[in-house]
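Quick notes on the structure that follows.
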Amino acid sequence: MNRLDDIPALRAEFPQLARRIHGKPLVYFDNANTAQKPQLVIDAVSDYYRLHNANVARAVHTLGEEATTLYEATRDKLARFVGARSREEVVFTRGTTEAVNLVAYSFLRPTLKPGDEILVSRMEHHANIVPWQLVAAETGAKVVPAPITASGELDVEGTVALMNPRTRLVGLVHVSNALGTVNPVAEIIAAAKARGIATLIDGSQAVPHFRVDVAALDCDFYVLTGHKLFAPTGTGALIARRALLDAMPPFMGGGEMIRKVSFEGTTFNDPPHKFEPGTPNIAGFIGLGAAIDWLQAIGMDAIAAREARLRDAMRAALAAVDGLRLVGDARARAAVFSFVVEGAHAHDLATLLDHDGIAVRSGHHCAHPTMQFFGVPATARASLAFYNTEDEIAVFIDALAKARRMLA
Ligand code: PMP
């Protein structure tokens, strides 16, 4: 039996899901913001501190070896989980944001010239816009927005048409956090590759929801963040081609990333350690390893199938709400729904929903250009995970109707 066949038992693995908010059972529909953590992940973190606490890669004593083994095991687990070509291609970072900055500063900036272009879609999270703007401003390069359509899909033809000999990198979100759109990343990677352009895919919202195979996608860089993957905050990764990592200079200097330091000159460690200076979030990465084991035991295909059913139920239910407009309604979408309701500000909606125990996010979702494209200052966003239920969707829809009446 799969654990998804017994949702009450699966939900019982999440202490937070048993909470009551303002006297009502919590309906947690803010998974795109951060996911809740199963007890097993919490235990992995606390076991590290209770039993194994030591620094990694520095001590030969038993605790040091235990900590290093547990920490490095996550690298193998993550490499398998996302289909990396090898464990050396997995660089641990604090999250997606740091991973994109690492690529911007170590890969692109050293060779970026005036007039060079970085092509990113209009539906990117700020984490896949601002680092490029920073290196572009220093070098005279520019960030070019790739077009999207009124339904929130990538305009593939328009995007490919913008690829030219000055384009140095194409950055694209795998699943949009603001719209829920699942992008045809393989098609864009192939088009960029055929033109000799580097590619970075932001997989923050993809890896928690379906199976990803980085080697098959054949992108140069794939970035992800642990806290959306049911793991602790301050964990994440850059998956990158080994040859590129070999050629890239370090991003930050310090301990662990070196081979030999002298005042005459310093030589650097091999990737991935070259990019991992200092003491990392050891407990967090051990938690990430536990989260991956747990997800794989359930099975990403089973998770994707359940979420597709929740998505379709939610889509149908939202379509029946008077005065509600979806912001982004792509054919290929995740169970992430941005919407506006006539006469109601998104923050007021979210506040009223919270009174009914429902957690949704309201705001610009760190995607100002996406909001500008749709001509809205903010949306409310409900984002589901596989531990959510159809009953919760019904509670949410009732609360939404009530909130709308109160705000009308
Ligand atoms: N990209 C996307 C698509 C996201 O949803 C997020 C988180 N909201 C990020 C990047 C940034 O992730 P982090 O803050 O964990 O670095």
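Points worth noting:
- Under 22 Å, Cα to Cα: Lys pairs in region 43-296, sequence gap 8 or more or different chains: 6
- Per residue, the convex hull volume that the Cα atoms of the chain enclose (Å³): 143
- ³J(HN,Hα) computed for each position of region 335-344 - Karplus, 6.51 cos²θ - 1.76 cosθ + 1.60, integer Hz, glycine/proline x: 7, 10, 10, 9, 8, 10, 10, 3, x, 10
- Net charge dipole, region 316-364: roughly 320 debye, given to the nearest 20, about the Cα centre with Cβ charges of +1 for Lys and Arg and -1 for Asp and Glu.
- Between the listed residues ALA206, LEU295, LEU134, the Cα displaced farthest toward the positive end of the dipole of the chain, a dipole computed from Cβ unit charges relative to the Cα centre, is found at LEU134.
- Karplus-based coupling profile of region 152-162, in residue order and whole Hz: x, 9, 5, 7, 5, 4, x, 5, 5, 5, 7, with θ = phi - 60° in 6.51 cos²θ - 1.76 cosθ + 1.60 and x standing for Gly or Pro.
- Applying 0.36 nm per residue to the separation of ALA332 and LEU51 and subtracting their alpha-carbon distance, the gain on full extension is 96.6 nm.
- Remark: relative contact order (the chain) = 23 percent; criterion is Cα-Cα distance under 8 angstrom and separation of 6 or more residues.
- Anisotropy class of region 162-204 from Cα gyration tensor, a/c 1.5 cut: prolate
- GluC sites (Glu not before Pro) within region 229-329: DSSP coil, no more than 15 neighbouring Cβ in 10 Å: GLU264
- For region 221-237, Karplus couplings with θ = phi - 60° (6.51, -1.76, 1.60), whole Hz, Gly/Pro x: 9, 10, 10, 8, 10, x, 5, 7, 9, 6, 10, x, 5, x, 10, x, 7
- The label-point distance for GLN133 and ASN2, in a model that sets each label 7 Å from Cα toward Cβ, rounds to 4.2 nm.
- Whole-Å semi-axes of the ellipsoid equivalent to region 3-59 (Cα gyration tensor, √5λ, descending): 30, 14, 12
- For ALA146, nonlocal amide neighbours, meaning residues 5 or more places apart or on other chains whose placed amide H falls under 5 Å from its own, are VAL120, SER121, ARG122.
- Taking 0.36 nm per residue of sequence separation and removing the Cα-Cα distance, the ALA408/GLU390 pair yields an extension gain of 3.8 nm.
- The amide H of ILE358, built 1.01 Å from its N in the peptide plane, has VAL27 as neighbours under 5 Å, considering only residues 5 or more places off or on other chains.
- When +1 charges are put on Lys and Arg Cβ atoms and -1 charges on Asp and Glu Cβ atoms, the dipole computed for region 294-404 relative to its Cα centre reaches about 340 debye.
- For the chain, with all protein chains in place and a probe radius of 1.4 Å, 55% of the accessible heavy-atom surface sits on carbon or sulfur.
- Fluctuation leader among HIS227, HIS125, HIS273 - the chain, Gaussian network, Cα springs under 10 angstrom: HIS273
- Dipole magnitude (debye, nearest 20) for the chain, charges at Cβ of Lys, Arg, Asp, Glu: 380
- Under 5 Å, built H, 5+ apart or other chain: amide partners of MET257: GLY278
- Most tightly packed first, judged by the mean number of other beta-carbon atoms within 10 Å of their residues, the peptides 160-167, 113-120, 210-217, 363-370 read 363-370, 113-120, 210-217, 160-167.
- In the chain, helices alone account for a calculated mean residue ellipticity at 222 nm of -11000 deg cm²/dmol, with every DSSP H run of four or more residues adding -39,500 (n - 2.57).
- Once the 1.4 Å probe is applied to the protein heavy atoms, the chain comes out at 40 Å² accessible per residue.
- Kyte-Doolittle at least 1.0, axis length at least 18 Å by Cα - qualifying DSSP helices, the chain: 282-298
- Estimated FRET transfer efficiency (ARG259, ALA186; beta-carbon r; R0 56 Å; 0.05): 0.90
The values are calculated or read from the model by the stated rules, or taken from the named source; none is laboratory data. This is a predicted model, so every value here is computed, not measured. FYI the Cβ positions are ideal-geometry reconstructions off the backbone, even for glycines, and counts take in every protein chain you see. Note: accessible area is taken over every heavy atom of the protein model, side chains too, but ligands, DNA and RNA are not part of it. Shrake-Rupley method; radii C 1.70, N 1.55, O 1.52, S 1.80 Å.
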